[in-house]
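Here's the structure, in structure tokens; my notes come after.
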Amino acid sequence: MATKIVTLSFMFLLALATSTEASKYQFQKLKETNMVFYMQDWETGANVTATPVAGIPYKRWLILRFGTIFATDDKLAVAIERNSSEVGRAHGIYVNSALDGSDLHLLMSFVFTNKEYNGSTLEIQGADRIFQKLAHGYATLETVFVDIPNSNAIIRWNVTVFHY
């Protein structure tokens, strides 16, 4: 019983601290930052940055083959040239998730190392439709209600879509 009380007290203090910390930022105006950089993904040659780690048994693991999973530590660069300045690294995995081999699903952390954003990260999850021009976009999420003891929440989604 004492352990439950201590655990519940700790959870309450954690929730209170999180709520107080979040409320500090609630009324600040968000800034918008636009960045352009190039993820240099090299699977062959010198200084390989992506390598297959799993795939369909008894078949060659290729980027355009369904089921192939790659681990990556790619350079994020300011330009397309291989020797251009690094702004960060893309750490994560991608998997070819389409039977016809046309779709990669990405799960990555962009870890910035340049002076301006050093230590900042962006979490990336989504499709890379290799040969198709499709709608794309992004979403920002804001937790507008949270009830930690009952594990309930309401999240506001602000979605922007670019399409043809």
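The values are calculated or read from the model by the stated rules, or taken from the named source; none is laboratory data. For clarity, every value in this text was computed on a predicted model and none was experimentally measured. Because the Cβ atoms are built from the backbone with ideal geometry, glycine has one as well, and the counts that use them run over all protein chains shown. Accessible surface areas use protein heavy atoms only, side chains included; no ligands, DNA or RNA. Shrake-Rupley method; radii C 1.70, N 1.55, O 1.52, S 1.80 Å.
When ALA17 is tested against the conditions (1) under 25 Å from the mean Cα position of the chain (by Cα); (2) modelled with pLDDT under 75; (3) small (Gly, Ala, Ser), the lone failure is (1).
The residue pairs whose first member lies in segment 98-111 and is outside any strand (DSSP E or B), whose second member is open to solvent by 20 Å² or more (accessible area, probe 1.4 Å) and among the aliphatic types (A, V, I, L, M), and whose beta carbons are closer than 6 Å, counting only pairs six or more residues apart or on different chains, are GLY101/LEU64; SER102/ILE130. Of all residues in segment 72-93, those being more than 14 Å from THR113 (Cα to Cα), open to solvent by less than 40 Å² (accessible area, probe 1.4 Å) and either in contact with a Ser or Thr (Cβ under 7 Å, 6 or more places away or on another chain) or outside any loop (DSSP other than H, G, I, E, B) (or both) number 2.
Taking into account only those residues within segment 56-110 that are farther than 21 Å from PHE37 by Cβ and of a type in the set (Phe, Trp, Tyr), which is nearest to the chain's Cα centre (by Cα)? By that ranking, first place goes to PHE66. GLY45 passes every criterion in (1) modelled with pLDDT under 90; (2) on the phi < 0 side of the Ramachandran plot apart from (2).
Yes or no: segment 111-123 includes at least one residue that is more than 17 Å from MET35 (Cα to Cα), at pLDDT 90 or above and either touching a helix residue (DSSP H, G or I) at 6+ places or on another chain (Cβ under 8 Å) or surrounded by 12 or more Cβ atoms within 10 Å (Cβ to Cβ) (or both). Please lay out each step first, then the result.
Kept after step one, since they are more than 17 Å from MET35 (Cα to Cα), are these residues of segment 111-123: none.
No; the residues of segment 111-123 include none that is more than 17 Å from MET35 (Cα to Cα), at pLDDT 90 or above and either touching a helix residue (DSSP H, G or I) at 6+ places or on another chain (Cβ under 8 Å) or surrounded by 12 or more Cβ atoms within 10 Å (Cβ to Cβ) (or both).
For segment 124-141: of the residues being open to solvent by 80 Å² or more (accessible area, probe 1.4 Å) and not in a loop (DSSP other than H, G, I, E, B), which is modelled with the highest pLDDT? Result: GLN125.
For segment 30-71, filtering for residues that are surrounded by fewer than 15 Cβ atoms within 10 Å (Cβ to Cβ), in contact with a Phe, Trp or Tyr (Cβ under 7 Å, 6 or more places away or on another chain) and either closer than 16 Å to SER97 by Cα or of a type outside the set (A, V, I, L, M, F, W, C) (or both) leaves 2.
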